[in-house]
Structures are given as C-alpha cells and as structure tokens.
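Here is the structure we will look at.
The values are calculated or read from the model by the stated rules, or taken from the named source; none is laboratory data. From a predicted model like this one, the values you see are computed outputs, not experimental measurements. With ideal geometry, Cβ positions are generated from the backbone for all residues, glycine too; neighbour counts draw on all protein chains shown. Surface accessibility is based on the protein's heavy atoms, side chains included, excluding ligands, DNA and RNA. Shrake-Rupley method; radii C 1.70, N 1.55, O 1.52, S 1.80 Å.
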There are 4 protein chains.
Amino acid sequence: MRIGVLTAGGDCPGLNAVIRSVTHRALTYHGDEVIGFEDGFKGLLEGRYRPLDLNSVSGILARGGTILGSSRLERARLHEAADNWRTICSGYGLDVLIPIGGEGTLTAARLLAEAGMPVVGVPKTIDNDISATDRTFGFDTAVTVATEAIDRLKTTAESHQRVMVVEVMGRHAGWIALESGMAGGAHGICLPERPFDPADLVAMVEERFARGKKFAVICVAEGAHPAEGTMPYAHGEIDAYGHERFAGIGARLAAELEQRMGKEARPVILGHVQRGGVPTAYDRVLATRFGWHAVEAAHKGAFGCMTALRGTAVDLVPLADAVMVLKRVPEDRMQEAESVF
Amino acid sequence: MRIGVLTAGGDCPGLNAVIRSVTHRALTYHGDEVIGFEDGFKGLLEGRYRPLDLNSVSGILARGGTILGSSRLERARLHEAADNWRTICSGYGLDVLIPIGGEGTLTAARLLAEAGMPVVGVPKTIDNDISATDRTFGFDTAVTVATEAIDRLKTTAESHQRVMVVEVMGRHAGWIALESGMAGGAHGICLPERPFDPADLVAMVEERFARGKKFAVICVAEGAHPAEGTMPYAHGEIDAYGHERFAGIGARLAAELEQRMGKEARPVILGHVQRGGVPTAYDRVLATRFGWHAVEAAHKGAFGCMTALRGTAVDLVPLADAVMVLKRVPEDRMQEAESVF
Amino acid sequence: MRIGVLTAGGDCPGLNAVIRSVTHRALTYHGDEVIGFEDGFKGLLEGRYRPLDLNSVSGILARGGTILGSSRLERARLHEAADNWRTICSGYGLDVLIPIGGEGTLTAARLLAEAGMPVVGVPKTIDNDISATDRTFGFDTAVTVATEAIDRLKTTAESHQRVMVVEVMGRHAGWIALESGMAGGAHGICLPERPFDPADLVAMVEERFARGKKFAVICVAEGAHPAEGTMPYAHGEIDAYGHERFAGIGARLAAELEQRMGKEARPVILGHVQRGGVPTAYDRVLATRFGWHAVEAAHKGAFGCMTALRGTAVDLVPLADAVMVLKRVPEDRMQEAESVF
Amino acid sequence: MRIGVLTAGGDCPGLNAVIRSVTHRALTYHGDEVIGFEDGFKGLLEGRYRPLDLNSVSGILARGGTILGSSRLERARLHEAADNWRTICSGYGLDVLIPIGGEGTLTAARLLAEAGMPVVGVPKTIDNDISATDRTFGFDTAVTVATEAIDRLKTTAESHQRVMVVEVMGRHAGWIALESGMAGGAHGICLPERPFDPADLVAMVEERFARGKKFAVICVAEGAHPAEGTMPYAHGEIDAYGHERFAGIGARLAAELEQRMGKEARPVILGHVQRGGVPTAYDRVLATRFGWHAVEAAHKGAFGCMTALRGTAVDLVPLADAVMVLKRVPEDRMQEAESVF
C-alpha cells in the first residue's frame, strides 16, 4: 500500500507522534510505503512531498510541531482537489490519504471522502472540541502548560493580595479553561459556553478577602464574553500601523475588576506556549494509538472515517459524525468545577 | 449529612484532591459536615479523626501524599468493623463513609457495604488495574514521571552505545510500563501479562545496532518475568542482616542482556518517585471529579458503589463489579506498542 | 538574640527559603528567637508580626511567594522609621532586623542602618541587577520559566514559518532576556542596555529564511527600546475606563516586524509566571545560604551589610556598595550571546 | 583556523551546547573550519570525524548526550598520541584541539599540551569536582533532577511515616548530595568527604518522630561511607552470572536504619537519570559560554588552558592547575546544610 500523510491547521503537540506511528506501523508490520506531504494540503496540490522511512521519523516522538509543516488552505482549492482526486491519487500512486488536523481539516477530509477519495482522518486540536472522540491529543499538553502557569501565579497573587486573570486558549469551547482551572484550583472560570457577569466574580473575590483569603485567580477562555450589558463595550483601537486591535478578554476583565473592586488585578495571557513544545506522556500515547489505528483502518478499507477515543478503545467513526457539531462544555461539567471554587 | 472520609493503602498522587473536593462540595453546596479519619481504617477503629473545613483543605490540591495519612489493616479487624458498623456509625454520627483506596480498600469497602454500612468508594491506584473504571488518578502522574526518566535515559544510552533497562512499577498489571514505554519510545516493553524471552530482546538490540542505532531502552514492569527456562533461576541472597533479598527484574534483566550480548546494559529502578509528589493536571481533574461524584452519590443514597470514569463521564458502579477481577493489559494494547519499537 | 525578619517589594521565588533558613539557623544553632513582620516594612511600623518557630516554616522551602506577605512603602514613612529606630527596636525587643528585598528595600535598609539600627540585608530580585552579588535568588527560576517558554515556542514557530517575539521581565537590566535567550537559543535578543534597530532583526530573519530556516524567535526584555527614530512613536491608548495604556515592547515589536517583513510575527508576553511558583534547586540553595549567613552576620555584629554571592562563597558587603549602581549587562556578555544566534 | 572538537568520558547535559557554541563562534565570527571527532579520543586516533557546520549543530542546544559520541581510552594509547601529536595535527590540518571532558580527559589534554599540541580544554562533569572552576555544566541539571526526586519522595514518606534514603551520584565528591539535599530539604546528608555514623541518623529520625514529624528523607552520595566499625561489613554477593555484586550505600543504609529503628526505610537509587536529558537553562548558558571562550582562547593562542567560571566571568586557567586536586565539599558548606535539617 502507498500511504500519504499530511498535517494541516494549527500547531498541536503530538502531530509528530502520529506521523512516526503511521510510518512505523505501515513499514514494519505491513511493508507499506509512506510519503509525507509538506505544509498540509498545499503540498498535496503542489507536488511537494518526501518519502518517510524509519530514519526520517527517528527522534520525533517527543518533539512539538510537525516535521511536515502545516498551512491553511482556501476552500476553493479544496473543491478543486475533490474534483480531481483520481488524478491526484494516481499521480502519487496513493492508496490512501491520512490527513491529521482539526475541524477545518476534517471537513476537508470529509469532502474528499465524499468525492470518492480513500481517506482516513486523524483528529487533532488542543481545544478538545471535536465531537465523536472523548479527547484529542494536544489537549492534555495545553492543560498541563496552563495548569503550571496557574500554579505559579497563585503564590504571587497570594503574596501581593492580588487578583490574577489568566487567559487560556479556547475560542468556541472552554475545555482548556475548565480543566486547567480545575487542576490549578482557580477561584473562577469563564467559558465561551456561558456568558459571565463580572459582578459574580467581584462577589467571589470580596467573599474570599472577607474570610482572609486575600487573593484570587480567575481562569478565562479567550472566547469567553461578558453577559450583555455587564461590561463597557470595547472599542477597537487603531495602532501605529493602522490596524484595529482589540484587547483580549483577559486584559479587559482584569481592568474591569480593578475598576470595580479597587484592588490590583493583573492579566496574564498565556498564548502560544500552550500549543508548542514537548507533548505530555498522555498525548504521546494517544497520538501513537491514533496513528496505528489509522493505518489499520486503511488496510481494512475503512475510508471516510477518523480515529476516535471511546473510553479506553480507539474506534473508527464516520467523518460526517465527527464534524457536524462542535463539542462544547456541558452544564454538568461546569457544576463539577464550581463546587471547588 | 455527616460524611467520613479516609485514605488507605499505598500513596497515590491525587488523594488530597479527592479529600478537598469532597469537603468543598459537601460543605459549600450541601451544607454537610465532613470528618477525616487518620491513617485509614485504623483511625476509624481507633477513634482518631478531625473535622475538615475549607481551611483544612486549602492549598492541598497539588500536594502529593495524603493529609489524612494512610495504613494497611489486617483483615480480621475489618471483619470486626463490619460486624459493628452500626455502633461505629452512630458513634461518629456518620451518615456515610467515603473510603479512598485501591483494590484492598475497595474490597474492605465492599465488605462493610454488604454488612449494611452506607459506603461510597473512590478508587485509587497508580497501577490503573481496577476494573470498571477507564482510568484511576495517580496513574497519569506515574506514567509522566516514568516517561521523563526514559526521555533522559535515551540520550545517555545513545552517547554511550548502551542498553538501559528501566524498571517501573506494576506488580500484577503492566499499564505503567506499557504507557511510559510507548510515550518514552522504549524499544522493548516487558509486562507481567506476558512472560518475555530475553532472546527476543537481544535480537531487537542486535538488529538496532546493525542498522546504526547503537543503543536501546527497555521498559520493564517490576512484575514482569521471563518465560520458563529462559533465564537462570535467581537465588535470594542473604544480606548482612540475615534477610533474603532478591534482585529485581530490572537488575536481573540488565545482567542477563550484558552477559548474552557483550554490550553494556545498565538497570535503573525508578521506585517510589513514581508514586509521590505533585499530581499531573489530568490526575487533579479526575480526582476532583471523583470527590464531587462521591458526595452526590451519598446524597442520592447510592451506597455500595464507587465512582468510575467511563468515557468522559463519571459514573457509579457497584463495588462488587469493581474488585472482582484485576484489569490487565490486553493483547491488542501490546500490539499497538510493539509496532513503534 | 531576638531577630526580626521581613520581606518587601515584588514577589520572588526563594523568599520562603530565606525565612526558613534564618529561622532554622537562629533557633537550632544559636537558640535565638525570630519574629516575622507581615507585609514588609508596613508590619514593622504597624506592629503586625508573629513569632516564627520550626513548625511555622515547615514545608515552605519549595513554595513560591512569601508566607510573611509583602508591600511597597512610601519613602516618608521610612524616614520616620529611621528617626525612631531605637523605639522600634526596643518596642519589639529586636536585636537585629533582616529585611529581604530588592533595590528599594536595600536602600531603605541602608537608611535604617545609617541611622544606627542593627540591620543585615538579604538581596532579592528576579532581575539579577543588584551590584555586589554575582547572582540573586529568583533569577534562575525566572530564566528557567522563560527558557521553557522559548523551548515551546520554537516548535510552533517552525511549524508555522512564523516569527515569535517573547517579552520577558527586566525593566532596567536585561539579564533574564540575555540568559533565557541564550538558553532557549533565541535568534535575537533585545536588552534595555542597548537600543535595538528593527532593521537588524528583519535582516536576521530574512537571512534565516533565505537559508531554509523559516522561523525565528526573538527574546525581548520589557525595558528594551528601539533606537531613536527606528520605530513609530507609540501613542498611549485610552481604554474603556479612561486609563492610558501602552502596548508593551513585545507587542509593538511583533507588529513592526510583521509590517516590515510581510510575515506572521506573534508576541507572547510571559508576565507574572516568571516571578511566582516553585523555585529552582539553584535558587533554593542560594536563598538558604543567604539566610544562614545573615544570621551569622547578626551574631558577629556585622550590621549595615548584606549577604552576597562571590564566586562560590557567600560574603558580606556594605549595603552602601550594593545599592549605588544597578548591575547591567555588559557588552562582552552580549557578544557571547550574539555568536550563537 | 581549523578546529577539532571531541567529547570524552561520561555523559553530561550541556555537551551539545558546547559543540554548538564552538561551531557557531568559529564559523560565524572567525570564518574557521570545525571538525568533530567521533567517540572521543578514539575518533582522533582512528581517523573518524566529520565536518561541523551550522546545520549539523542545529537543534542540539537542549539535547542531552553528545552528537559526537564518547568513549574512555587507555592511557597507553594516549601516550602514543602525545608522542605523535605533530603527525596527528598535520594529518587533519588541525590548528587546535578542543577536548570537552572530565578529570580524565583534562589530564589527557594536559599530557598532549605538555607534549606541545595546541589544546584548549573545556571542563565537564556532573559531579562539580574540578578545581579551578566555580561550577561545571551538567551539575545544575543533576542537582535539579535529584531535587525533583526528593520533592516527590517527601510526600510519600510523610504519608507512610517512612524513612526514604535517596542515593545520588558523586563517587569522590558530594556536591550533588549537598545541593540536592539542601534544595530538597533532606533531613540528613551523607557525603564522601565525611564518614557518617548511622547512629546520628537514627537519632535525627527519632527526634523528628518524637516531635510529630513522622518521616525523614536522607540524601546520600554513592561514594559516602560509614565511619569505621559503625555498620556491618558488606560482603559482595555472587550473582547468577558469577559476578560479585555489592549493594550500593543507599540500599545498605536503608537496611541498616530499618534494622536499628524498627521503622520502614526504603532506598531509591536515582542512577543514570541524573546525567541524561535536557540540560537546565543554567547549564545551557554556562556550556555556551565555555564554547565561546574556548574558541577565543584558540585564536589568542592560549593553549594548555581550559575555560573556567570565576564569579560571573569565564576565565582561562592552566590545565595543570585544573586537574591537580579534586574539588571536594569543604566543612563550612556542610555546616550551612546542617542547620536546616
């Protein structure tokens, strides 16, 4: 079999572990050939690829990023690819394509699969917001990085009787904020799934100060937003280069709290450190299993599917199921977190 | 409601997170009282306990060990406790007991529950070998510590063209060896579930050296053992204090490999560092959720159960199901690992 | 002897290790008494303190922050304290005061010492900018946190062919940027000591891209600034609460580079994570030694001094020498860093 | 200039950082050529080397081990090399050799230098026992790894009311035990520099238990030994392969304490994890500076020297001074540690 693999979309710890696992399983067990396309679908369309052997994937298990590079692709070119999938496959001698990516990539994969191309997807997102899989690799690393930051910020908040607002990733789903907030013992968590009222946060802080706990840490997802009318509208500001720039919710919330409470509140925006670097052991194992099962799926002809963690098993689920609806934090998970504030 | 909580058996990162979560949920949401028994069931039998409030569980989320202490108890005293559960409960004014522990503790919990005592168990083991729950807290921390060690050992093995044998915990089940071996990229994994033949390991090392990869790391569970007749019988040695001491399988295997290959092979026995210290974010979240659900179970009167992770949900399962059979590494999980050696 | 100890100024990993060490040495070896003033000099002036014994400093060695709290104090109140030092000392029965703090605190300590108060200072700053000591505790932790962040950012930069600008602490001296930049392998370092020209950074990035290294990481101290006329003047922006807010140099530089190069450049502002949390082993050892030597100095009557690392020894230096001039990064240290860009 | 570089002796985090730094400085600043000999002096004698350019040292700054490999060499072959240094140098076109290594390597370097060969040494040892330099790279990493282990062991010791004996590296000098013991807050430290009496350790443990601290951690260097007559003589034991094996001091001491106290005492032997893997930020900076200064020394013709940290500066010292006497832990450093037990 000749297997093509590519990584697309945002960076995510564990991508290399999938590439390595696909290559090992395919070469060692099945005697397949594997080629890796560079910079995601772009490489596929532009004929940029390289063969992958055991040496080319040696030493990458614990490396962040992706040795194949990544990119985002316009929808128009994808449709073009879907129309020409037969030519593409025969041009490369491909028997199957394994795209590793997030929601956009899996939607593209579904498009190609529906056009008839033999595709097995591998889901990837640090945001953990893909339906049909219990967890995605990259998420545990992001939560771990954010938790370590909260651990550090707690002592500084306590020593200075301060409120720290930590902004973590999560534009549409608040999983990172939820789990790092719980793991770090944050005293408030704001998620995109539920608009927050700054008054509630002020009340929480005041209650803590009243009983002698003179600090608080609030963990806020970048996509969280205040309930209508609870915070002044943020005007985009025009920077020196003529771009309108908006302060993130972390900075805005810290300013709002400081204003309301008359106490120091400082924002910390974790940013890209959450999506780079060495993956956790959990993510390396999950990524390795996903790669293994993608190759097995290819050999079983289970196309149009993606790998998914279900309990302790890695199963295959139709791509259509995976990308229909974003997996958001349900109300009962929020309640679990709230009781330990 | 008056809730008693205790921790029993071996140390496990996340115990304090459960205690904290039980206390927070019970006090803040339900207005319960919580008392913590010291040193496991011993404290229960000997009347050693203290009330737990928000202050007593402040700052313990990320702390290893258990603020309540732990111990092992003879079976005879447990039966005695089962016979007198009514007296015990009324003596302390207990409405429910939440024991947090491993197989032994949960078996004890089952005994008490069957005698009629209102009990809700919380499973705990770094070995991840409890049936009926997808994972236990403590396991992720142990795997993380072992993986970091393997990461470190790889570079030293490579620089010195050496074979490193890393012995990790796991007397009856090889989960830690399996996952840390996969995550660390070990080139061989030996589990209790499947006797190994040192000849296979020698063949693997020779094959690696032949293609220029002049080092190897082998991850071996402390409970792994050679297939009958493949390694010389290890005589216990009498130490200076008259105790018979057996070399662990890590040391024995390294000696055997060195002998067979004429290449340096060094054992590293990770030992207790795997079960102490700061829990990972994953374990803190799981432990916190278990504590929350244990309190809810108590309020629903769901006695004789324990909390269990099932997919993304925390469910309640009968204690009887949990402790009947040890969860061992199945053959297909081994195969996933083998293809990336 | 009756020893007073206090921590003042910004948070710094290792403060608790000093407090613990002072207490242990004083109580165990000398049979002294130790009291800790709360919230820095404020506690001294307001009579807020507590006795410190072995139990009160148990378990704090590895804890960030300060169990005594900290604060900043107006100069006027300090002069008042200097005038009344005799009353203060006799009021508390103090034989010596050990203030642990940065430049401001040591200047205050000097003032008190010159007025006649028996003072032994312990220098503290994550910025490492205190003259007369080779290093200060807290600095190694800050560098370690920043280096881990750069390690993580490199893989994400590489996968996305991006420039990452990491802003680290250091308002007046660039030690953190210098050492974390070197340790993380940054491709450019900007320090307060030497105004930078964005054109040089652009040239470096272009040169890297030209030879196939399509990413770069630039480490910039918060106090770094562009050479006159090389970047547009940044207007402070008026936020929703009427405060003028300036974008930090990290954000400004990323915008400038993006503008000039037509390549993605993203800022990451590490902020307070650099000054909180568990101190590194190095900082714990240095802080412990400083505490020990401060007590010895007190017993020798070496007042008006502070502890200082000189090579491998901890010496005493006059407070006057310590605070006269800020220790800035010299040119030759910059050159060492530049050759590995 | 044509520069040869090699790494010899035991593994040490930071070796790659030196190789990278030498290559960068030599190529980028001086326009030199650099070749790297494989497996230490062996490669020099056997003609195994490769040219080093910026690409060959890319990505190695944070990698443990050495990309050049290492080995130990018999003294006889070294003398042969010294006799033929002219032929060797002209054979490779070498203008200078930069050997990076520990005591043995630096002694060899001195031998070559005395014979007339242009040599600049770079000291390396995790043990920190080389005179003439304040610290060596690798040491901080070893201390950090050991400290993290002690941090983890403390909570498990406390929960189980147990004594943990941690054996760390250090055959002739106890620096790792001293600093990791101080940083980890060990309650006893045993060094090669000072024979210990187990009775003192028992007294310490008993005193702790008496005041309610029912656990202890003892940090012991592998080269520590009991005072004459205080512990039973350890007979080497004959293993299944006919080799005599001695239990290490960690295991022996734990057994001894258990025997004397009737309390659980468990050994943990950290072993090779201390010398492998990612170097700390401190070690990366020091190693990078050493590489830089070695190249500068070569260009200044300062042969027969090695780089050395002196305070904040990197100086050159004669190889003869460096290797004459082992740097051992002085009595006053022990006293600093003891007061915080």
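With respect to C:Ala297, determine if the residue is more than 20 Å from C:Phe139 (Cβ to Cβ), modelled with pLDDT of 95 or more and of a type in the set (A, V, I, L, M, F, W, C).
Working: more than 20 Å from C:Phe139 (Cβ to Cβ): yes; modelled with pLDDT of 95 or more: yes; of a type in the set (A, V, I, L, M, F, W, C): yes.
Yes: the conditions hold for C:Ala297.
Return yes when A:Gly250 is of a type in the set (Gly, Ala, Ser) and either open to solvent by less than 10 Å² (accessible area, probe 1.4 Å) or within 20 Å of the chain's Cα centre (by Cα) (or both) and no when it is not. Can you show your working first?
Values: of a type in the set (Gly, Ala, Ser): yes; either open to solvent by less than 10 Å² (accessible area, probe 1.4 Å) or within 20 Å of the chain's Cα centre (by Cα) (or both): yes.
Taking the combined requirement at face value, the residue satisfies it.
Looking at D:Glu258, is it touching a Lys or Arg at 6+ places or on another chain (Cβ under 6 Å) and open to solvent by 10 Å² or more (accessible area, probe 1.4 Å)? Don't jump to the end; show me each part of the working.
On the way: touching a Lys or Arg at 6+ places or on another chain (Cβ under 6 Å): no; open to solvent by 10 Å² or more (accessible area, probe 1.4 Å): yes.
No, not satisfied.
Go over the candidates B:Leu316, B:Leu326 one by one and state the one that is under 19 Å from the mean Cα position of the chain (by Cα) and within 22 Å of B:Asp283 (Cα to Cα).
On the way: B:Leu316 fails: under 19 Å from the mean Cα position of the chain (by Cα).
The conditions single out B:Leu326.
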Hey, can you tell me all the residues within the stretch D:22-47 that are in contact with a Phe, Trp or Tyr (Cβ under 7 Å, 6 or more places away or on another chain) and under 23 Å from D:Thr107 (Cα atoms)? D:Ile35, D:Gly36, D:Phe37, D:Glu38, D:Gly43, D:Leu44
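The rows are residues; the columns are (1) within 26 Å of the chain's Cα centre (by Cα); (2) polar (S, T, N, Q); (3) modelled with pLDDT of 95 or more.
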{"site": "A:Asp32", "(1), (2), (3)": "no, no, yes"}
{"site": "A:Ile35", "(1), (2), (3)": "yes, no, yes"}
{"site": "A:Leu45", "(1), (2), (3)": "yes, no, no"}
{"site": "A:Asp53", "(1), (2), (3)": "no, no, yes"}
{"site": "A:Val57", "(1), (2), (3)": "yes, no, yes"}
{"site": "A:Gly65", "(1), (2), (3)": "yes, no, no"}
{"site": "A:Arg72", "(1), (2), (3)": "yes, no, no"}
Filter the stretch B:177-201 down to the residues that are in a helix (DSSP H, G or I) and more than 10 Å from every other protein chain (Cβ to nearest Cβ), then identify the one that is most open to solvent (accessible area, probe 1.4 Å). B:Asp200
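From the list A:Pro318, A:Pro330, which one is within 19 Å of A:Ser131 (Cβ to Cβ) and either of a type in the set (Lys, Arg) or away from chain B (no Cβ under 13 Å) (or both)? Can you show your working first?
On the way: A:Pro330 fails: either of a type in the set (Lys, Arg) or away from chain B (no Cβ under 13 Å) (or both).
Residue meeting the stated conditions: A:Pro318.
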Among the residues of the stretch D:31-49, the number that are open to solvent by less than 10 Å² (accessible area, probe 1.4 Å), in contact with a Ser or Thr (Cβ under 7 Å, 6 or more places away or on another chain) and without any contact (Cβ under 8 Å) to a residue 60 or more places away in the chain is 1
Any residue in the stretch C:50-69 that is under 13 Å from C:Val34 (Cβ atoms) and open to solvent by less than 10 Å² (accessible area, probe 1.4 Å) sitting within a Cβ distance under 7 Å of a residue that is at pLDDT 95 or above and part of a loop (DSSP other than H, G, I, E, B)? List the pairs, counting only those 6 or more apart or interchain. C:Leu68/C:Glu38
Restricting attention to the stretch D:231-247, and to residues there that are more than 7 Å from chain B (Cβ to nearest Cβ) and open to solvent by less than 30 Å² (accessible area, probe 1.4 Å), which single residue is modelled with the lowest pLDDT? D:Gly236
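Sort out which residues of the stretch D:58-86 are more than 22 Å from D:Gly102 (Cβ to Cβ) and either more than 14 Å from chain B (Cβ to nearest Cβ) or touching an Asp or Glu at 6+ places or on another chain (Cβ under 7 Å) (or both), and write them in order of number.
Just the residues of the stretch D:58-86 that are more than 22 Å from D:Gly102 (Cβ to Cβ), to begin with: D:58-59, D:83-84, D:86.
Residues satisfying the conditions are D:Ser58, D:Asp83, D:Asn84, D:Arg86.
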Using the structure shown, decide if D:Val340 is away from chain B (no Cβ under 14 Å) and open to solvent by 30 Å² or more (accessible area, probe 1.4 Å). no
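Collect the residues in the stretch A:292-341 that are part of a helix (DSSP H, G or I) and among the aliphatic types (A, V, I, L, M), keeping them in residue-number order.
Start the filter on the stretch A:292-341 by keeping residues that are part of a helix (DSSP H, G or I), which leaves A:292-300, A:319-323, A:331-338.
A:Ala294, A:Val295, A:Ala297, A:Ala298, A:Leu319, A:Ala320, A:Ala322, A:Val323, A:Met334, A:Ala337, listed by residue number.
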Tally the residues that are closer than 19 Å to D:Val202 by Cβ, in contact with a helix residue (DSSP H, G or I) (Cβ under 9 Å, 6 or more places away or on another chain) and crowded, with 24+ Cβ neighbours inside 10 Å, restricting the search to the stretch D:154-176. 6
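Under 26 Å from B:Gly64 (Cβ atoms) and of a type in the set (Gly, Ala, Ser): is that true of B:Ala255 in this structure?
On the way: under 26 Å from B:Gly64 (Cβ atoms): no; of a type in the set (Gly, Ala, Ser): yes.
For B:Ala255, the condition - under 26 Å from B:Gly64 (Cβ atoms) and of a type in the set (Gly, Ala, Ser) - is not met.
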Determine if the stretch B:315-331 includes at least one residue that is at pLDDT 95 or above, among the β-branched types (Val, Ile, Thr) and more than 22 Å from B:Ala108 (Cβ to Cβ). yes
Can you find a residue in the stretch A:130-137 that is surrounded by fewer than 24 Cβ atoms within 10 Å (Cβ to Cβ), over 26 Å from A:Gly311 (Cβ atoms) and touching a residue at least 60 places away in the same chain (Cβ under 8 Å)? no
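Do we have A:Ala224 as away from chain C (no Cβ under 14 Å), in a loop (DSSP other than H, G, I, E, B) and of a type in the set (A, V, I, L, M, F, W, C) here?
Values: away from chain C (no Cβ under 14 Å): yes; in a loop (DSSP other than H, G, I, E, B): yes; of a type in the set (A, V, I, L, M, F, W, C): yes.
Yes, satisfied.
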Take the stretch A:138-184 and flag every residue that is free of Cβ contacts under 8 Å to residues at least 12 places away in the same chain and among the acidic types (Asp, Glu). A:Glu148
Lone unmet requirement of (1) of a type outside the set (Asp, Glu); (2) part of a helix (DSSP H, G or I); (3) closer than 21 Å to A:Leu191 by Cα for A:Ser159: (3)
I want to confirm something. Restricting to the stretch C:139-174 and keeping residues that are closer than 22 Å to A:Glu148 by Cβ and touching a Lys or Arg at 6+ places or on another chain (Cβ under 6 Å), which single residue is farthest from the other protein chains (Cβ to nearest Cβ)? C:Met164
Would you say D:Thr28 is more than 19 Å from the chain's Cα centre (by Cα), of a type outside the set (Phe, Trp, Tyr) and surrounded by fewer than 24 Cβ atoms within 10 Å (Cβ to Cβ)? yes
Which residue is farthest from the other protein chains (Cβ to nearest Cβ), if the candidates are limited to the stretch D:287-303 and must be under 15 Å from D:Asp315 (Cβ atoms) and open to solvent by 10 Å² or more (accessible area, probe 1.4 Å)? D:Ala302
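Yes/no matrix, rows are residues, columns are (1) outside the structural domain of C:Leu45 (by TED's automatic domain parsing); (2) crowded, with 19+ Cβ neighbours inside 10 Å; (3) assigned to a loop (DSSP other than H, G, I, E, B):
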| position | (1), (2), (3) |
| --- | --- |
| C:Glu80 | no, no, no |
| C:Thr87 | no, no, no |
| C:Gly91 | no, no, no |
| C:Leu94 | no, yes, yes |
| C:Ile100 | no, yes, no |
| C:Ala108 | no, yes, no |
| C:Leu112 | no, yes, no |
| C:Val122 | no, yes, no |
| C:Thr125 | no, yes, yes |
Exactly one condition in (1) within 23 Å of C:Glu103 (Cα to Cα); (2) open to solvent by 20 Å² or more (accessible area, probe 1.4 Å) is not met by C:Met204; state its number. (1)
